[in-house]
Amino acid sequence: MVREYTCIMCPLGCGLRTETRQGERGEEILVTGNTCPKGKEYAVQELTDPQRNIATSVLVSGGELPLASVRLTHAIPKDRIFDVMGEIRKRKLTAPVKAKEIVIENVLGLGSDVIATKDIGKI
Amino acid sequence: MRQTDVVIIGGGPAGLAAAVRLWEKGVRDILILEREHFLGGILRQCIHDGFGLTRFGETLSGPEYAGRFIDQVLEMGIPYLTDITVIDISADRKVTASSRDGILEIQAKAVALTMGCRERTRGAIGIPGQRPAGIYTAGVAQSYINLQNKMVGREAVILGSGDIGMIMARRMTLEGAHVQAVFEVQPYASGLPRNIEQCLNDYGIPLYLSHTVTDIKGAERLEAVVVSQVDECMQPVLGTEREYCCDTLILSVGLIPENELSLAAGVELDSRSKGAVVDENHQTSVSGIFAAGNVLQVHDLVDFVSMEAESLADSVVRYLEEGRLATCMLAVKTDANVTHAIPQKISGGEDFKLSLRVRRPVKNAFIRLSQNGNIILEKKMPKAIPAEMIQIPVKARKLNKESDLEVSVVW
């Protein structure tokens, strides 16, 4: 089976092509079109278990800004994005917030932490 | 009047990187002037990741990327002022700034222009129709959602396939809004392929090329936009109108370098890049005034903004040591397939980095640099798109000091 993807690992955006076929050692995935090893990794990941990182914000009380930006430490399965958004939305922080601070540990048991990406000072 | 070696106008990614590099090279009498309350510039609201792959070898969010430089500025103790707006720069490098404390006048030996860029608006592209609320540029919507916790709307249409527009399509979807489609007047996307993939395709948001908004309806709040197909000359095709009910229209229709202050100083601008004409030292047509980052040319990657500003800082150090930098006499000329090229002036005696964009997508092309008909170098481009800035290092040993440099795209 042949599938095509656009790599999202860097701005080059290589056009990737995966071909799945039965080899001597079971199923093999052949990747073409990548410029670097990350592209190959991405194509295989995308074919077998597509994952994404997400960035959003968490409410902060008593801060110089009403929101602290957050992201995930590791990518999560693509079909769990909105579940994770729901979890993050429930969370509220109190200033001060420091970048790298863990906001939710191991969110929904997916092996990824939600971390703050910005300092929010107290007012 | 206060005397300062280097005044840096703007504390965004370009200004911060220039300041840190100057400090590292021993310049201590620096002052960064920032209009907003915080350092960091536009990166403060760019909370998505994907920054820093080139500069730091890892992918960071905008605030984290800015944070790396802000931390260095604070550690080094580089002087900066926030909540202060520069209102004038003179050709002899007198900088006038205004804040709540009054007017500040500074005589600088060198000025670094690092003010960034602005978004094109509805007025700039002349969309006809009524003038209701609910029409935002992508960056304004981003500021509302990511900094001020204000949701801009629920049912959105996006005009323009710039990167920020696509990133806002994803951001609004994550926040529960419905983004119906992105319309692009050109026959190709103006943003990067990876953003089409991860911001649109991931969320089932369609991208229509060769389409534009031809009418806006709504008295108080936006109620609908009319979208038409356009022909090869980008003229709307009669009979193709389709109405989309929506409360929000996001515009991602281009960025323009912010050069009001440059003009005040008498800096010559390039009508193609909309930024200053600079030489290989990033020096503008006014001696001692330098420019880098989005105020010079709109970049697609912040990594290259920082690196350009660091290169500016290296030149400023030489300028401070030597009192002046020699005028570069050779012009960099481009053919019709190149949108713009930076620098516009070279000496022929120094290594430099050439930045350029192609006017339309091309495959299996060559970027050719020649002097007086002799080919200096050719860079093979399996794929080149206007969304991606091309940078080519050029070695002085390949150049002569007599002839202009010609840049062309051939295939």
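The values are calculated or read from the model by the stated rules, or taken from the named source; none is laboratory data. Since this is a predicted model, take the numbers as computed values, not measurements. Glycine also receives a Cβ, built like all others from the backbone with ideal geometry; neighbour counts cover every protein chain displayed. Just the protein is used for accessible areas: all its heavy atoms, side chains included, with ligands, DNA and RNA removed. Shrake-Rupley method; radii C 1.70, N 1.55, O 1.52, S 1.80 Å.
Each of A:GLY62, A:GLY111, A:GLY86 was placed along the dipole of chain A (beta-carbon charges, centred on the mean Cα), and the one lying farthest toward the positive end is A:GLY62.
In chain A, the DSSP beta bridges split such that about 90 percent are antiparallel, to the nearest 5.
Put simply, chains B and A cover up around 2600 Å² of each other's accessible surface, both sides summed, when a 1.4 Å probe is used. Can you find, among B:THR284, B:GLY165, B:PRO193, the residue farthest towards the positive end of the dipole of the protein assembly as shown? Put +1 on the C-beta of Lys and Arg, -1 on that of Asp and Glu. Value: B:PRO193.
A DSSP coil position with no more than 11 other Cβ atoms inside 10 Å describes the following trypsin sites (Lys or Arg not before Pro) in segment B:343-410: B:LYS395. Over segment B:329-411, all Cα pairs binned in 10 Å intervals from 0 give whole-percent P(r) values of 19, 56, 23, 2, listed from short to long. By a 1.4 Å probe calculation restricted to protein chains, B:GLU388 has an accessible surface near 40 Å², given to the nearest 10.
Each of the peptides A:42-52, A:25-35 was scored by the mean count of other Cβ atoms within 10 Å over its residues; in descending order, highest first, they stand as A:42-52, A:25-35. Separation of the alpha carbons by more than 25 angstrom is noted, of A:LYS98/B:LYS150; B:LYS94/B:LYS353; A:LYS122/B:LYS94; A:LYS38/B:LYS383; A:LYS92/A:LYS122; A:LYS40/B:LYS363, for B:LYS94/B:LYS353; A:LYS122/B:LYS94.
Solvent-accessible area per residue in the protein assembly as shown equals 44 Å², computed with a 1.4 angstrom probe and all protein chains kept.
In segment B:116-155, which residues have a backbone nitrogen under 20 Å from the label point lying 7 Å from B:LEU238's Cα in the Cα-to-Cβ direction? Only B:128-129 fall inside the zone, counting backbone N under 20 Å.
Note on chain B: helix-only mean residue ellipticity at 222 nm, from DSSP H runs of 4+ residues weighted -39500 (n - 2.57) and normalised by residue number, equals -6000 deg cm²/dmol.
Accessible surface of B:LYS25, taken over heavy atoms with a 1.4 Å probe and every protein chain present, rounds to 110 Å². Interface residues of segment A:34-60, defined as those with an accessible-area decrease of at least 50 Å² between the chain by itself and the complete set of protein chains (probe 1.4 Å), are A:ALA55. Per-peptide packing, taken as the mean over residues of other Cβ atoms within 10 Å, places A:71-79, B:170-178, B:276-284 in the sequence B:276-284, B:170-178, A:71-79 from highest down. Only the Cβ atoms of Lys and Arg (+1) and of Asp and Glu (-1) were treated as charged; on that basis the dipole of segment B:320-411 about its Cα centre amounts to roughly 440 debye. Can you bin segment B:121-253 into rounded, prolate or oblate? Criterion: square roots of the alpha carbon gyration tensor eigenvalues sorted a ≥ b ≥ c, rounded for a/c under 1.5, prolate for a/b above b/c, oblate for the rest. Judged from the Cα gyration tensor, segment B:121-253 comes out oblate (a/c at least 1.5, b/c at or above a/b).
Plainly put, chain B has a radius of gyration that is 0.98 times its Kirkwood radius, both from alpha-carbon atoms, as the Rg/Rh ratio.
In terms of its C-alpha gyration tensor, the protein assembly as shown has a rounded overall shape, because the principal axis ratio a/c (a ≥ b ≥ c, square roots of the eigenvalues) stays below 1.5.
Positive end of the dipole of segment A:2-48 (Cβ unit charges, origin at the Cα centre): among A:THR48, A:LEU16, A:CYS36, the Cα lying farthest that way belongs to A:CYS36. Under the rule a/c < 1.5 gives rounded, and otherwise a/b versus b/c splits prolate from oblate, where does segment A:2-48 land using the Cα gyration tensor? Here segment A:2-48 falls in the prolate category.
Taken about its Cα centre, segment B:97-190 carries a charge dipole of roughly 120 debye when the Cβ of each Lys and Arg holds +1 and the Cβ of each Asp and Glu holds -1. For chain B, the longest principal axis of the alpha carbon atoms and the long axis of helix B:62-76 meet at an angle near 20°.
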